[in-house]
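The values are calculated or read from the model by the stated rules, or taken from the named source; none is laboratory data. Please read all numbers here as calculations on a predicted model, not as lab measurements. Cβ coordinates were reconstructed from backbone atoms using ideal geometry, including for glycine residues, and neighbour counts include every protein chain displayed.
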């Protein structure tokens, strides 16, 4: 797009770039699919660029699967041919905007951001994860490529993420561009249940950083603090490489009748589970946003989570749930919610009756505004 090009009307040709996409399952993958779908519903022409292989296609958008070698175990691109393919796609499609979604290690997205600048295409970068101790890697890339000075717009999926990367883009504005969901789809009437049987649920990929093992480890301590007439059950929904270790841990602690690992479940199946359970728990120390926790909160479940993650953007202590600094506090909050049914119901009622500002309609407005701002930043003559 040259400097003399007119500013497009509301309808844009958008490239969404991400190193992870369906059919690989996870929060980022599902968010990218939903974002592409929602932008398409708005009338934009949306293309997804990803190295992840698969047969899944979008109903309303086009997917460019790079079909290049991926680094074993990490499943990321590493060959020059991958970036030549990305450059060819960007040239041939002549996008109005390139939106790169980045985690800590995202060569497809970072490479596409570089190529978008080389080709003169306006761009937005959104960090989907907390950078934490890996900040030095991006600092080195900035020293080499000076990316923090490029005429692109920076954003993060939560205030926590924005604060984490602000030191990397000094004197530049960083926008909070949150994940979202169809809030009304998650509203439901809870089913009647036995008041002496409490179900705790968590939805996660069974990876080390999600800390499913920490949740399992807490349960014997929680059970010891409860009267004998209260029965507690735990359901950890999801799949991943840590499943064998979790199964071994559950057996070692004698929790086979307490903790269930039902595996991957669809959103519809998860909604049905949420209508039958009492408490949602998120043991992850650093969760950039926490979409599963937001889904649970919209379904009317009290949420217990760690305070350092993005979940504190929609969970307030005693209102929508509780936030914990330590695993001990996580245990304390769970015990309190189990022992105090009036408190549990009060929080559940609040969550059912109030809507957080994370519906797709509102978040789409934020995306549209950011895209047009990026175009004006790259091409001041259009403003």
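Mind counting the residues in region 39-64 that are out of contact with any strand residue (DSSP E or B) (no Cβ under 9 Å at 6 or more places or on another chain) and either outside any loop (DSSP other than H, G, I, E, B) or loosely packed, with under 15 Cβ neighbours inside 10 Å (or both)? Total meeting the criteria: 4. Residue 125 fulfils the conditions (1) part of a helix (DSSP H, G or I); (2) modelled with pLDDT of 95 or more except for a single criterion, (1). For first residues located in region 319-334 and assigned by TED's automatic domain parsing to the domain that holds residue 293, partners that are in a loop (DSSP other than H, G, I, E, B) and modelled with pLDDT of 95 or more and lie 6+ apart or on another chain with Cβ distances below 6 Å form the pairs 321/302. Scanning region 100-119 for any residue that is buried (at least 24 other Cβ atoms within 10 Å of the Cβ), assigned to a strand (DSSP E or B) and at pLDDT 95 or above turns up at least one such residue.
Matching residues to (1) under 15 Å from the mean Cα position of the chain (by Cα); (2) assigned to a strand (DSSP E or B):
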position	(1), (2)
154	no, yes
168	no, no
179	yes, no
185	no, no
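How about region 9-31: which of its residues are outside any loop (DSSP other than H, G, I, E, B) and either over 12 Å from the mean Cα position of the chain (by Cα) or in the same structural domain as residue 292 (by TED's automatic domain parsing) (or both)? 13, 14, 15, 16, 17, 18, listed by residue number. Within region 187-234, the only residue that satisfies the criterion of being under 26 Å from residue 353 (Cα atoms), free of Cβ contacts under 8 Å to residues at least 60 places away in the same chain and touching a helix residue (DSSP H, G or I) at 6+ places or on another chain (Cβ under 7 Å) is 234. Listed by first and then second residue, the pairs linking a residue in region 61-75 that is outside the structural domain of residue 90 (by TED's automatic domain parsing) and in contact (Cβ under 8 Å) with a residue 24 or more places away in the chain to a residue that is surrounded by 18 or more Cβ atoms within 10 Å (Cβ to Cβ) and in a loop (DSSP other than H, G, I, E, B), with Cβ atoms under 8 Å apart and 6 or more places separating them unless they lie on different chains, form an empty list. Of everything listed in (1) within 29 Å of residue 263 (Cα to Cα); (2) modelled with pLDDT under 95; (3) in contact with a strand residue (DSSP E or B) (Cβ under 6 Å, 6 or more places away or on another chain), the single unmet condition for residue 162 is (1). Looking across 246, 255, one residue alone is within 22 Å of residue 24 (Cβ to Cβ) and in the same structural domain as residue 198 (by TED's automatic domain parsing). It is 246. Looking only at residues of region 70-83 that are more than 20 Å from residue 33 (Cα to Cα) and out of contact with any strand residue (DSSP E or B) (no Cβ under 8 Å at 6 or more places or on another chain), we find that the one that is surrounded by the most Cβ atoms within 10 Å (Cβ to Cβ) is 82.
Selection over region 18-38 of residues that are more than 24 Å from residue 202 (Cβ to Cβ), surrounded by fewer than 23 Cβ atoms within 10 Å (Cβ to Cβ) and out of contact with any helix residue (DSSP H, G or I) (no Cβ under 7 Å at 6 or more places or on another chain) gives a count of 1.
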